[in-house]
Amino acid sequence: MIKILYFGRLRENAGRREETLALPDGIVTISSLKQWLNTEHELDGALDDPSVKTMVNQMLIHDDIDLSGNEEIGFLPPVGGG
Amino acid sequence: MIKITDISFNPTAELEAFTNANRDAGAITSFLGQVRDEDGCVNELYLEQYPGVTEAGIADAVSKAKARWSLTSVMVIHRTGAMGVGEAIVFVVTAAKHRRAAFLACDYLMDYLKTEAVFWKRQKGTNGTEWIEPRSEDYKDNKRWST
């Protein structure tokens, strides 16, 4: 199962802090998952905003990667500092 | 020591404990950040972390500070959750043999915490609720250390 975490304003956009789901049919990469989530939660492209960073298993990723279906994925809007 | 907590803490008691544990340090510098009321416009500040990632980032910044200056000990306490005006948000304490290292490391860590630390900040006040991002001055302050 994939665990997805939404932080900051994205939590409000997605209407949830986290969700756990099986990789949907045909979704094998992080970019296709983002597209799927954008549609599923009517995020209006919020996850594709260049300021939003993606972490897979708590590591920052910069390129598209394949998913096995057991990852923790975090979507991070710009951090606000302490 | 790094502590991220959603429970309010007492900086005075923390400083006393730190000082007692670092009797050999010749210099101790501390910085306390607390919730401003912005002329009565702010009622609450809410901070969110990414458990694991936030602490790892702070630990990395502390390691960099220790590599850069000769430090005896470092303590970072950071709040998450909802905080009222006047409540402590962040407390950084650095101990060194001499004052310069303690001052500089404390300043360096605060610049990291204000711009790069993985926290999301939401302010609730008379103008509604908004997510806050670092000010341009914060980024400028943080760049001082890259030379």
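Each row is one residue, and each column tells you yes or no for (1) under 28 Å from B:I28 (Cβ atoms); (2) modelled with pLDDT of 95 or more.
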{"position": "B:A67", "(1), (2)": "yes, yes"}
{"position": "B:S70", "(1), (2)": "yes, yes"}
{"position": "B:I77", "(1), (2)": "yes, yes"}
{"position": "B:K114", "(1), (2)": "yes, no"}
{"position": "B:N127", "(1), (2)": "no, no"}
{"position": "B:E137", "(1), (2)": "yes, no"}
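Go through the range B:77-119 and report how many residues are without any contact (Cβ under 8 Å) to a residue 60 or more places away in the chain and closer than 20 Å to B:N43 by Cβ.
6
Please go through (1) under 11 Å from the mean Cα position of the chain (by Cα); (2) open to solvent by less than 10 Å² (accessible area, probe 1.4 Å); (3) of a type in the set (S, T, Y) for B:Y112 and return the number of the only condition it doesn't satisfy.
(2)
Regarding the range B:57-64, can at least one residue be identified that is within 10 Å of chain A (Cβ to nearest Cβ) and buried (at least 21 other Cβ atoms within 10 Å of the Cβ)?
Scanning the range B:57-64 turns up at least one residue that is within 10 Å of chain A (Cβ to nearest Cβ) and buried (at least 21 other Cβ atoms within 10 Å of the Cβ).
Exactly one of these conditions fails for B:S8: (1) more than 29 Å from B:W131 (Cα to Cα); (2) modelled with pLDDT of 95 or more; (3) open to solvent by 20 Å² or more (accessible area, probe 1.4 Å). Give me its number.
Of the numbered conditions (1) more than 29 Å from B:W131 (Cα to Cα); (2) modelled with pLDDT of 95 or more; (3) open to solvent by 20 Å² or more (accessible area, probe 1.4 Å), the odd one out for B:S8 is (1).
So which strands (runs of 3 or more DSSP E) are wholly in chain A and hold at least 3 residues that are touching a strand residue (DSSP E or B) at 6+ places or on another chain (Cβ under 9 Å) and either away from chain B (no Cβ under 14 Å) or open to solvent by less than 40 Å² (accessible area, probe 1.4 Å) (or both)? Let's see the steps before the verdict.
On the way: elements: A:2-6, A:18-21, A:53-56, A:59-61, A:72-76.
By residue number, A:2-6, A:18-21, A:53-56, A:72-76.
Of the residues that make up the range B:12-24, is at least one modelled with pLDDT of 95 or more, assigned to a loop (DSSP other than H, G, I, E, B) and open to solvent by less than 60 Å² (accessible area, probe 1.4 Å)?
Looking through the range B:12-24, at least one residue is modelled with pLDDT of 95 or more, assigned to a loop (DSSP other than H, G, I, E, B) and open to solvent by less than 60 Å² (accessible area, probe 1.4 Å).
How many of the residues making up the range B:124-147 are free of Cβ contacts under 8 Å to residues at least 12 places away in the same chain, within 23 Å of B:E48 (Cα to Cα) and among the polar types (S, T, N, Q)?
Residues meeting the conditions: 2.
Considering the range B:32-56 alone, what residues qualify as being closer than 30 Å to A:M59 by Cβ and open to solvent by 20 Å² or more (accessible area, probe 1.4 Å)? Full working, then the answer.
The initial filter retains those residues of the range B:32-56 that are closer than 30 Å to A:M59 by Cβ, namely B:33, B:45-56.
Passing the criteria: B:Y46, B:Q49, B:P51, B:G52, B:E55, B:A56.
Being of a type outside the set (A, V, I, L, M) and outside any helix (DSSP H, G or I): is that true of B:E44 here?
Yes.
Condition check: more than 26 Å from A:Y6 (Cα to Cα) and either open to solvent by less than 20 Å² (accessible area, probe 1.4 Å) or touching a Cys at 6+ places or on another chain (Cβ under 8 Å) (or both). Does B:T94 satisfy that?
So B:T94 fits the description; yes.
The values are calculated or read from the model by the stated rules, or taken from the named source; none is laboratory data. Because the structure is predicted, anything quoted here is derived from the model rather than measured. Please note: Cβ atoms are built from the backbone with ideal geometry, for glycine as well, and neighbour counts cover all protein chains shown. Areas reflect the complete protein model, heavy atoms only, side chains present, ligands, DNA and RNA absent. Shrake-Rupley method; radii C 1.70, N 1.55, O 1.52, S 1.80 Å.
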